[in-house]
Amino acid sequence: MTKKQKINHLLEHNVVDIIDKKHLEKNLLSAKKLRVKHGIDPTGKNIHIGRAVVLWKLREFQELGHKIILIIGDFTAQIGDPSDKLAKRPFLDEHEIKQNMKNYLSQIGKILDLSKCEIHHNSKWLKKLNFKDISKLADIFTIQQMLERRNFAERFKNNQEISLRETLYPIMQGYDSVAVKADLELGGADQLFNLHAGRKIQEFFGQKPQDILTTKMLLGLDGRKMSTSWGNVININDSPDEQYGKIMSMRDEMIPEYLTITTNLPESKINELLKLFQEQKINPKEIKKIIAFNIVNLYWGKTAAQKAENNFEKLFVKKEITEDIPILKIKKSENMAIDVVLLSRVVKSKSEAWRLILQGGLKINNQKIEDPKKVINLKNNDIIKIGKHQFFKISF
C-alpha cells in the first residue's frame with residue numbers, strides 16, 4: 001500500500017472515535033514523528049486478544065515510523081480502571097501487580113517491536129505526587145462530569161457504591177500524558193472518558209492536547225464481555241492448540257466480529273467470507289478454521305498454526321490422539337476426580353473444577369466422569385480430557 005492507503009486503513013479499520021481527525025490526518029501526512037501513547041494495567045497475568053486490538057493499531061503507527069510510548073500502569077493498576085465496570089474494583093497490592101507484570105512485555109513483544117518503543121512504569125511519576133498535587137488535578141473535574149460516565153451513572157441510579165478512589169483513575173491516566181508529552185493516545189472504546197481527561201490535564205499544564213483514537217471492543221467467545229473471570233477469552237500466550245481450539249468452539253454468531261477484528265486478512269477476503277456467511281453459502285466451521293489459523297499465525301507463526309490445525313483435525317475430526325499431547329505427572333494411581341482437574345491447572349479454583357465436572361467436562365479415556373468425588377484408578381498413558389479442548393497424558 002502507498003503511505004496514503006496505509007493512513008486511511010489506520011484511521012478506519014477497527015476504529016470507533018478519532019479526536020481531532022483532521023488534525024491527526026494532517027500530522028500523519030506530514031513528516032512529523034508522533035509520540036503515540038498507550039497504557040496497559042497489569043491487573044492480571046495474561047493479555048487477551050481483545051486488549052491486543054489496540055496493540056495491533058499501535059503496530060500500524062510503528063510501521064509508519066512513529067514513536068510508541070508504552071506505559072505499564074503499575075501504579076494505576078492499584079487504583080483500578082472503572083471503565084465499563086458495573087461494580088467497584090478491588091484495590092490490588094504491589095506484590096500482586098509485580099507478579100502480573102513478569103511476562104507482560106514478552107506478550108506485547110509478539111505484536112510490537114519493543115526495541116523501538118519507549119517504555120515507562122507510571123509509578124515513576126505518580127508516586128511523587130503529594131496531596132496538594134492531586135487536589136489541583138482533581139479540581140479540573142467536577143462530580144457531575146464523573147457521573148456522566150455510563151457505568152457511574154448506572155451504579156448511582158442503582159444505589160451501588162462508587163469509590164472516590166475510582167474517580168481518581170482518569171486523573172492519574174491523564175497525568176501520564178503530561179509526563180510523556182503525548183501527541184496521541186490510543187485505547188479501547190470504553191476508554192474515551194479517560195483519554196479526554198488526558199487532553200484537559202495537558203491543557204492545564206500548558207501542553208497541546210493530545211489527539212485521541214479508540215478501537216472496537218471485542219466480545220468474548222460466548223457473546224458476553226470478554227472477561228478472564230468468565231473464561232471466555234483467548235490470551236496472547238495461550239498455546240497454539242488452545243487458541244485454535246477456542247476459536248473452533250465459539251458461537252457461530254461471533255464469526256463476523258472475530259473475522260473483522262482479530263485477523264489481519266485483506267479487507268477483500270474478509271468481505272468475501274462475510275458475504276458467504278450471511279448468505280449461508282459456507283459452513284461456519286470453515287470460516288472458523290480460517291480465523292483460528294490466522295490468529296495462531298499472528299502470535300506463534302505459520303508452522304505452529306499448521307500444527308495446531310493438524311492436531312485439531314486428529315483430535316476432533318479423526319478422533320486420533322496427537323503424539324505431543326501434554327504430560328500430566330501424578331504421584332499416585334488412585335485420585336479423586338476433582339483432584340485430577342486441579343492438578344492440570346486448567347481451572348484456578350476448587351469450585352470451578354467442581355462445576356466443570358458436574359457439567360460433563362471431564363473424560364478419562366473418552367469415558368465421562370460426572371461425580372467430582374469419584375475415585376479414579378489411573379494408569380500410565382491414560383488420556384484425560386478437561387473442558388472442550390484440553391488433553392493430557394498421565395505419567396507417574
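Only one entry of LEU92, LEU58, LEU112, LEU129 meets the criterion of being assigned to a loop (DSSP other than H, G, I, E, B), in contact with a strand residue (DSSP E or B) (Cβ under 7 Å, 6 or more places away or on another chain) and either in the same structural domain as ASP211 (by TED's automatic domain parsing) or exposed (fewer than 14 other Cβ atoms within 10 Å of the Cβ) (or both), and that entry is LEU112. Pairs meeting the criteria (first residue in the range 18-44 and in contact (Cβ under 8 Å) with a residue 24 or more places away in the chain, second residue surrounded by fewer than 21 Cβ atoms within 10 Å (Cβ to Cβ) and polar (S, T, N, Q), beta carbons under 7 Å, at least 6 apart or on different chains) are LEU34/ASN27; PRO42/ASN100; THR43/ASN100; GLY44/ASN100; GLY44/THR228.
The condition (being under 27 Å from ILE47 (Cα atoms), of a type in the set (S, T, N, Q) and modelled with pLDDT under 95) is satisfied by just one residue among ASN335, ASN311: ASN311. Of the candidates ILE71, ILE79, the single residue that is modelled with pLDDT under 90, of a type in the set (Val, Ile, Thr) and closer than 15 Å to ASP41 by Cα is ILE79. Residues in the range 213-227 that are of a type in the set (S, T, N, Q) and part of a loop (DSSP other than H, G, I, E, B): SER227 only. Going by what's in this entry, would PHE293 be described as out of contact with any strand residue (DSSP E or B) (no Cβ under 9 Å at 6 or more places or on another chain), in contact (Cβ under 8 Å) with a residue 40 or more places away in the chain and either surrounded by 18 or more Cβ atoms within 10 Å (Cβ to Cβ) or outside the structural domain of LYS110 (by TED's automatic domain parsing) (or both)? Yes. Within the range 234-278, count every residue that is surrounded by fewer than 14 Cβ atoms within 10 Å (Cβ to Cβ) and part of a loop (DSSP other than H, G, I, E, B). Going through the range 234-278 one residue at a time, the tally reaches 3. Of all residues in the range 377-391, those satisfying the criterion of being out of contact with any helix residue (DSSP H, G or I) (no Cβ under 6 Å at 6 or more places or on another chain) and either outside any loop (DSSP other than H, G, I, E, B) or of a type in the set (S, T, N, Q) (or both) are ASN377, ASN380, ASN381, ILE383, ILE384, LYS385, GLN390, PHE391.
Any residue at all in the range 342-355 that's over 29 Å from TRP56 (Cβ atoms), without any contact (Cβ under 8 Å) to a residue 60 or more places away in the chain and in contact with a strand residue (DSSP E or B) (Cβ under 7 Å, 6 or more places away or on another chain)? Yes, that holds for at least one residue.
The values are calculated or read from the model by the stated rules, or taken from the named source; none is laboratory data. Note that the structure is a prediction, hence the values are computed from the model and not measured. When we count neighbours, we look across all protein chains shown, and the Cβ atoms used for this are built from the backbone with ideal geometry, even at glycine.
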